[in-house]
1. For region 165-248, which trypsin sites (Lys or Arg not before Pro) are in a loop by DSSP, counting at most 11 other Cβ atoms within 10 Å?
2. What is the set of long-range amide H partners of residue 88 at a cut-off below 5 Å, with H atoms built 1.01 Å from backbone N?
3. Please get the size of the charge dipole for region 234-289, origin at its Cα centre, with Cβ charges of +1 on Lys and Arg and -1 on Asp and Glu, quoted in debye to the nearest 20.
4. Fewest to most neighbouring Cβ within 10 Å: what's the order for 11, 32?
5. Compute the whole-percent fraction of alpha carbon pairs in the chain spaced more than 36 Å apart.
6. Say the dipole of the chain comes from +1 at the beta carbon of Lys and Arg and -1 at that of Asp and Glu; which of 289, 156, 88 then lies farthest toward its positive end?
7. Sort 228, 149 so the one with the fewest other Cβ atoms within 10 Å of its own Cβ comes first.
8. Please work out the FRET efficiency for the pair residue 87 and residue 174, using the Cβ-Cβ distance as r and a Förster radius of 35 Å; give the result to the nearest 0.05.
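Readers should treat all values here as calculations from the given coordinates under stated rules, not as data from a laboratory. No experiment lies behind these values; they were computed from the predicted model shown. Every residue, glycine among them, receives a Cβ derived from its backbone with ideal geometry; neighbour counts consider all protein chains shown.
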Amino acid sequence: MVVVSGERIAEREWLAGLPDHVALWCERWSLEPDGPPRSGEAALVLPVLRPGGGPAVLRLQMPKAETRAALVGLRVWDGEGIVRLLDSDPVTCAMLLERLDDSRTLADVEDDDEAMTVLAGLLRRLTSVTAPTGVPHLREIAADMLARTPEALASLADPADRELLSSCAAVVGELVGEPGDRLLHWDLHYGNVLAAQREPWLAIDPEPLAGDPGFDLWPALDSAWDVTVDPVRLVRRRFDLLTEALELDRERAAGWTLGRVLQNCLWDVEDGATALDPRQVTMAQAMGAPEA
């Protein structure tokens, strides 16, 4: 017998009700559909026209803690370096957002230094804000990672993998007492920066978190380097650019980036992996972890 969790049932019910949700919010906000809907991993996005013809997008996503945190972050940032929240509903987490050009992302910029400079500028603006209440805190996330590490170590077959993961955890253990208080995007990579009219480029899809800006570098460092012949060199070049633009302490920033490696590896192991992802190993080595 297949047992379906309550969360999965709720997701199915929400998906089944999406047409009604779209109709409800189009009526309530007097919106006219302006193109086919698009969907990602967790949301439906519908291009719309506001009263008077102004372009926008209606974003519908199942209400969850992370969705509510995104609303909090978007309100606080108020369009400073990021897509502007035009209206929202705190109960259903429906969002009316400024429309950007989703046909052009920062990944389309051929010069990597140019693209990373743009991303660094956005990241500096976003992390200049003190985190409000209502978003998760790195203090708890880091403590939880450390608590989960021993079980993950026991699942890794290669002693070198265990050594690398232990090294990452040791660094996080040294930093957990000073987790920071900035408002982090948590997922700012090339694909989450779109061309815009109000500014050349703006961030989208935040997963707001309170913490040290060093914990926000990993997605940028990890952006689109599958084809490079020397990913370690590329990552270090990007790290230099980011830490300089954000005026970060390099040792702390490297340590918190190892924290992101730890987080990713824990997720992989909990999904059944018995070896570390080579991409995570490369990132850790670029940040100074021992070679596996």
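1. Sparse-neighbourhood loop trypsin sites (Lys or Arg not before Pro): 198.
2. Those qualifying (amide H under 5 Å, at least 5 residues apart or on another chain) are 96.
3. 200 debye
4. With the fewest neighbours first, 11, 32 line up as 32, 11.
5. Beyond 36 Å sits 21 percent of the P(r) for the chain.
6. Result: 88.
7. Exposure proxy ranking, most exposed first: 228, 149.
8. Efficiency at R0 = 35 Å is approximately 0.20.
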